[in-house]
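To keep things clear, I will list the structure first and then write my remarks on it.
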Amino acid sequence: MLRSILRAATATSSKPKSKPKPHSWTLQSSPIPTVPPPQYSFSTARNYSVKNAKSTTATKGKKGKFNKSGEDAAPAEVDMAVSEAQARARRLAMDEKDPTLNVGPNGLPLFTSTPSLSLLSHKDTCSYFKFSMESLKSALPEGLPTGMVKEFEDSLRPALLVRQSFLDLRDNFRRIVDPPLTLSHSKGPKVRKQVVLDGPVSCGKSIALAMLVHWARDEGWLVFYVPRGRDWTHGGFFYRNPNTGLWDTPLQAENVLKDFLKWNESHLKQLPCQINDPIPLGEGAGVGQLKDVDNMAMPEGSTLYDLVNTGIKHTHAAVGVVVRLRKELSLVKNIPVLIAIDQYNSWFTLSEYEEAVKVHSRQPVHARELTMVNAFRSMMHDDMMVGAFSHSTAIGKLRKDLPDVPEDARVNCPRYTLDEAASVCHYYLRQRLVQHEVFSEENWKKVYYLANGNGSEMRGLVPFMRQST
């Protein structure tokens, strides 16, 4: 480029100089006359070359994504994956007609014939319990745990392993409501009204909690189930309540009340309110505080259904109704009441909200400073309550002695044992996640030890079994 400019300058230097045109571009360091910008603009040439280099690089990077005919191969890969999934689903539907395939380790049945969670016993452990998706969504309208949904999607069947840890948890609360006839001083597991499910990642805490809620509702209990406790500390509007000094989250309160009403409506209509004090009002979701109105009185003879509906219809009363509902649940004696909170550990850390301290500084708001969390977090009472830790949403390791939690409340949920892993791998074989030709005891044990009993990792590793050399 520079050489062409010099040659042009040499060729024109002998010619008489002419006055440059008003819109022409000249080089200040040389007596060279007009040089049109489109031909010799350095910046234009440089920008053009850089763009070309990027496009060339991008084309080279995408070379492997094109087939021989020059068409993009990505849609073909997607179509192939979809067709394989559909073919697997068709084969599984045909397998349903062959009961000889439902064989687990040591020739034992892979699926239990027990019809309900209430009738499961020790003999059903290490076998799979079949669910109906309709009944499952009906019993857990608040939502299914992520691990449960992933298990159903990968295995193409709504079935879960019956584990001894779940039976122990279920029997613990069953003994509280229906104590055994044996003497109290007899040897046996200690009964706990407050339980915190702890354990390593992907050990089944959330699934055990969801199965417990399902069982309790099948038994006719009134269950306050929160499958995503972290949502109480993230998102939505938040306002400081001048009367309590805590932070109100009216949008979360409305959602919690709607979820609570989905399954428990028939129970709530039969339970009268036992606290006659008016409901304190706060700021609504995005609408601020009402003028000259501080509380709302409930009509005489109101039921818990009326109370919950009031919080849903009136955004200013939503948080106050959630707090009142917690107190009312402690007074219910007609039917058993269970409070079940998943992602319970998110109530002991910082929330997403921040408080303005100065003009240019903010400080985070702790979860205990939120009105709803403050009302439900404590386990220092006589009510049945179970919380499950979720390490997938954790921001740090919590100390062992948590505030407002009894010292003996923590129960460790173990990962798969070797016997459980054997049933799990045979189940994945039955569901065609792995081929029969490569499945062997040696291979599934390799998967178990490699994943260290982590259920999620085992499910991901099973399809990669290969024939032993």
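A probe of 1.4 angstrom, applied to the heavy atoms of all protein chains, finds His314 with accessible area near 80 square angstrom.
As a quick test, which of the pairs Lys123/Lys269; Lys205/Lys333; Lys327/Lys358; Lys137/Lys313; Lys262/Lys327 have an alpha carbon distance above 31 angstrom in this structure? Violating the 31 Å Cα-Cα cut-off are Lys123/Lys269; Lys327/Lys358. Listed peptides 428-434, 405-411 appear in the order 428-434, 405-411 once ranked by packing, highest mean of other Cβ atoms within 10 Å at the front. A crude spin-label estimate for the pair Arg175 and Lys445, with each label 7 Å from Cα along the Cβ direction, gives 3.5 nm. Work from the charge dipole of region 157-276 (Cβ charges, +1 for Lys and Arg, -1 for Asp and Glu, about the Cα centre) and give the residue of Trp221, Trp247, Val196 farthest towards its positive end. The residue sitting farthest along the positive end of the dipole is Val196. Taking 7 Å steps out from each Cα toward its Cβ at Arg399 and Lys269 produces label points 4.9 nm apart. Within the same chain, aspartates and glutamates fewer than 8 places from Lys291 are excluded, and of the rest, those with a Cα less than 13 Å from its Cα are Glu283. Here the calculated FRET efficiency for Arg91 and Val149, from their Cβ-Cβ distance with R0 = 22 Å, stands at 0.45, rounded to the nearest 0.05.
Karplus-derived 3J(HN,Hα) values for region 327-334, using 6.51 cos²θ - 1.76 cosθ + 1.60 with θ = phi - 60°, are 5, 5, 4, 5, 9, 6, 10, 6 Hz; glycine and proline are entered as x. Close amide-amide hydrogen proximity is noted between Ser302 and Cys273, each under 5 Å apart and 5 or more residues distant or on a separate chain (H modeled in the peptide plane; Pro and chain starts excluded).
Estimated at the nearest 10 Å², the accessible area of Asp342 is 10 Å² with a 1.4 Å probe. For Phe111, the residues 5 or more places off, or on other chains, whose built amide H falls under 5 Å of its own are Tyr128.
Accessible surface area normalised per residue over region 224-377 is 48 Å², counting heavy atoms of protein chains with a 1.4 Å rolling probe. Each residue, Val287 and His122, gets one label point 7 Å from its Cα in the Cβ direction; the gap between the two is 5.8 nm. Take Glu441: with every protein chain present and a 1.4 Å probe, its accessible area is about 110 Å². Backbone amide hydrogens, once placed in the peptide plane, bring Arg240 within less than 5 Å of Asp248, excluding anything fewer than 5 places away on its chain. Placing unit charges on the Cβ atoms of the charged side chains and taking the dipole of region 93-182 about its Cα centre, the candidate lying farthest along the positive direction among Asn102, Val177, Ala159 is Val177.
Please give the FRET efficiency for Ala375 paired with Val201, using the beta carbon to beta carbon distance and R0 = 41 Å, rounded to the nearest 0.05. The calculated FRET efficiency here is 0.90. For Ser138, Ser113, the ranking by accessible surface with the largest value first comes to Ser113, Ser138, using a 1.4 Å probe. Straight-line cross-link partners of Lys397 among the aspartates and glutamates, defined as a Cα under 19 Å from its Cα and at least 8 positions apart when in the same chain: Asp198, Asp342, Glu352, Glu407, Asp408.
Ranking of Phe224, Phe131 by solvent-accessible surface, largest first: Phe131, Phe224 (1.4 Å probe, protein heavy atoms only, all chains present).
The values are calculated or read from the model by the stated rules, or taken from the named source; none is laboratory data. Note that the coordinates shown come from a computational prediction; the quantities given were computed from them, not determined experimentally. Every residue, glycine among them, receives a Cβ derived from its backbone with ideal geometry; neighbour counts consider all protein chains shown. The area values use the complete protein model at the heavy-atom level, side chains included, leaving out ligands, DNA and RNA. Shrake-Rupley method; radii C 1.70, N 1.55, O 1.52, S 1.80 Å.
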